[in-house]
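The values are calculated or read from the model by the stated rules, or taken from the named source; none is laboratory data. The shown structure was predicted, so the numbers you read here are calculated from the model rather than taken from an experiment. Note that each Cβ is placed from the backbone with ideal geometry, even for glycine, and that neighbours are counted across all protein chains shown.
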């Protein structure tokens, strides 16, 4: 019986390898979908439209952005966003004056804490905007200005 299981597994693995080698199955097809148009947008309004279907957000004091006031190196700016809104679905980080403003977007489940932490690149002094989509379907935002002394986006 063990031999049959081994042969079936070997046959399945070789079939998958041949399909991948022939280009019938591409690894990128198996990865999660990502909002390509939103990441390629050239301004904040287009990024929000492509990400959430509209460019309006409601300011909220239930969103906290932890980011340094002065970033000595724009190539690595630490950002932490947390929220006390109910049933947070997504948290996105947008840098107003970057060539491509959408820096990151995270999809969350109801079981996760609405807190993310990452590092972003900033080309110049700009507002960092945290856009949060809550369970009620509305998009809320908070912003904080960061002064950049050395640009990180080619500067």
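What to note about this one:
- For residue 112: the one exception among (1) over 23 Å from residue 34 (Cβ atoms); (2) exposed (fewer than 12 other Cβ atoms within 10 Å of the Cβ): (1)
- Single condition residue 86 does not satisfy, out of (1) free of Cβ contacts under 8 Å to residues at least 24 places away in the same chain; (2) surrounded by fewer than 18 Cβ atoms within 10 Å (Cβ to Cβ): (1)
- Residues that are more than 13 Å from residue 81 (Cα to Cα) and under 19 Å from the mean Cα position of the chain (by Cα), drawn from the stretch 54-69: 54, 55, 56, 57
- Residues located in the stretch 88-113, provided they are in a loop (DSSP other than H, G, I, E, B) and either modelled with pLDDT under 90 or out of contact with any helix residue (DSSP H, G or I) (no Cβ under 7 Å at 6 or more places or on another chain) (or both): 88, 89, 97, 98, 99, 108, 109, 110, 111, 112, 113
- Filter pass, residue 127 being within 24 Å of residue 43 (Cβ to Cβ), buried (at least 18 other Cβ atoms within 10 Å of the Cβ), over 14 Å from the mean Cα position of the chain (by Cα) and in the same structural domain as residue 51 (by TED's automatic domain parsing): no
- Comparison of 105, 117 shows that the only residue that is surrounded by 16 or more Cβ atoms within 10 Å (Cβ to Cβ) and touching a residue at least 24 places away in the same chain (Cβ under 8 Å) is 105.
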